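Colleague: Below you will find the structure I want to go over with you.
Read the figures in this text as sums done on the coordinates, not as results from a lab. If you're wondering where the values come from, they're calculated on a predicted model, not measured in any experiment. Using ideal geometry, Cβ is built from the backbone for each residue, glycine included, and neighbour counts are taken over all protein chains shown.
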Amino acid sequence: MQSEGWGGAVTAAADRAYGALRDGILDGRYGFGDKLGEIEVAEELGLSRTPVREALRRLGSEGLIEVLPNRGARVRTWTAQDLAETYELRAVLEGLAARRAATRIEPPAVDEMDRLATTMVTVDPSLGHRPAGEFAELAALNARFHELIVTAAGSAQLASTLQGLVQLPLVMRTYRRYTPAALARSHSHHREIVDALRAGDGGWAESVMRSHVLAARAVLLDSHREDAAPLEEVS
């Protein structure tokens, strides 16, 4: 019983370390290329190195950090090629998820997506409904919208594969890079995806989802060209 209690304590500590580090990466407290040394992180969080090491392993498997031989862990940086390839994969996989969801999703889930699409417009800072730059609520609503589609697709393997890919827009705080016109296009895509799912038309849903993801890719790549430094590989 004692060993089980110790194991549970280690797991809880690892979960705490993972949550703190992940939140720090997503909110920008740990920037691109920042080193995450086991000793330093353990001291910062008041933990031993064992749970921190496990947390770093989990973050590495999700693609949020990278471990360099003899140099430790650091927050992953992103090149233009990384962005392009990630979003190409997302377009294919999320398109497939939308196609599958069209014939499987239940009406209450479509209704929730409909409400989310409407609410996303009402909280869009570019329309003057929120102070400029406050995109956290919009991002959370968008994440839930996409989550409902992946869940309705009914494929654990597809969901697992997409999990790592959807970290990127969170890390990049994508909505901060959108112009008002790009946000309007995104809202329009959400509405059309809802219509396609309500109609049970998999081909339509897949087509719009692919366009939606590729449009997001264009936003990030345009932003990269304007301000490449934060996204480039750090030596």
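Colleague: Counting other beta carbons within 10 Å of each residue's own, what order do V92, V150, V52, V166 fall into, fewest first?
Modeller: Lowest count first: V92, V166, V150, V52.
Colleague: Per residue of segment 142-155, what does 6.51 cos²θ - 1.76 cosθ + 1.60 with θ = phi - 60° give for ³J(HN,Hα)? Whole Hz please, x for Gly and Pro, Karplus curve as stated.
Modeller: 4, 4, 5, 4, 6, 4, 4, 5, 5, 4, 5, 4, x, 10
Colleague: Please give the helix 49-61 orientation as an angle from the longest Cα principal axis of the chain, in degrees from 0 to 90, rounded to the nearest 10.
Modeller: With rounding to tens, the tilt is 30 degrees.
Colleague: Can you tell me the dipole magnitude for segment 2-75 around its Cα centre, using point charges on the Cβ only (Lys, Arg +1; Asp, Glu -1), in Debye to the nearest 20?
Modeller: Once rounded to the nearest 20, the dipole reads 180 debye.
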